[in-house]
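Notes follow the structure.
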Amino acid sequence: FLCPAAGHHPPPPFAWARGRGVMVRDAAMTFVALAFLAFVQGAEPDKLSQKLFAGAAQYVNQSIQGEFIRRMVDGTLPWAAFQYYLRQDNLYLNQYARAYAVLAARADRSDEMEWLLNQSVTHMFEHGKSPGSEIDARTFEREALPTTRAYTTFFLQTAWSEEVVLGYASVIPCARLYTWIFATVNATTPIAADNPYKAFIEQYADPSNEVDTEKLEGFLDRYAAKGLSKELLERAQYHYNTAMQYEAQFFQQGLDHCVAMGQCAPGGEGLVAAPSGGAPKALRATRAAAIGGRGVQIISAAEMPRPRRAQAEGLVQSAAGPAVAAAVSLLVLVTALVGSGRRSSCGAAVGTSGSTPFLQQSA
């Protein structure tokens, strides 16, 4: 289920069972997960977004059972590994914002387009304005690690050139996974007060994230309600699974790169968490999704066809603020690319309903 060009394979599930206390915790999380999945499948079994999430259970497990999340939860994640992860996430989010703009340009309803554009700007500055605004195509090419590059290439190519349903099936997994993992952890596992990642976990566990994730899934479900062939449904599951596998790799690459740079020891040892100065700054409540851009053709305003430039400039001048202006400009840029035929190269209610170190595979 990987993009063939990527050449990466997802890490195997990480065993959590270490001692009686952990086993008790895992048993509790498992019970909550099974109850949650039963609710999802029993309450609204016809929603495609829920079916895709249930069908990707084994890949979801690779993230929640992985070393990165486990050590974040217990507070032993090396600070350097988190910093590598965070830098890659900024690169990832910058490209993800572009993917939302692509989907906005392809939307068949104005409310869908408006929401996606607003989310595009939100994701672009998710970790603060400076990190996203300083990233350009050269920065991405220079700094993106292999998994970031492979994942974003897969995601953006799908958004550009395949059916809209597949675009959503590739974008949603990150949003759903972050909402699910951190709400699950926050609801089922006590986080120590001195855990330097407590604020990070709580921000991503915020119930407002579930609202946004369900909104995104709602667009997919609306397209699916029009009727999809068996082949398209199978391709949607394939794309969803692929994105979920890349998610597990994305978490792990922070630790792997930390080891490669000699700042973390292999086998789980390493410098722990935050330096003097305390916990990392809490991040915005909205989730990071994923996508992005190797090989993406970016055009400047000077290269944009003149009528669209004039339209963009007029809209920006009349917009109600810089965020709206940025969104409008991004939409006009994407519309220009879509209109000229240019393409690039490559559920469910969670809230306080938790989950588990493993999620049951759907039948």
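The values are calculated or read from the model by the stated rules, or taken from the named source; none is laboratory data. Keep in mind the model is a prediction, meaning the values are calculated, not measured. What goes into the accessible areas is simple: the full protein's heavy atoms, side chains included, and nothing from ligands, DNA or RNA. Shrake-Rupley method; radii C 1.70, N 1.55, O 1.52, S 1.80 Å.
In the context of the full set of protein chains, residues of the stretch 42-113 present 28 Å² of accessible surface per residue (probe radius 1.4 Å, heavy atoms only). Computed over the stretch 84-226, the convex hull of the alpha-carbon atoms projects to a mean area of 9.5 nm². Each listed q (0.28, 0.29 Å⁻¹) maps to a log10 I(q)/I(0) for the stretch 65-130, found by the Debye formula over equal Cα scatterers with no solvent: -1.06, -1.10. In terms of accessible area, using a 1.4 Å probe and ignoring ligands and nucleic acids, ASP89, ASP194, ASP212, ASP256 rank largest first as ASP194, ASP256, ASP212, ASP89.
Accessible surface comparison of MET72, MET261, MET124, MET113, probe 1.4 Å, protein chains only, largest first: the order is MET261, MET113, MET124, MET72.
Suppose the Debye formula is applied to equal point scatterers at every Cα of the stretch 154-236; what is log10 I(q)/I(0) at q = 0.26 Å⁻¹? Ignoring solvent entirely, the Cα scatterers give -1.18.
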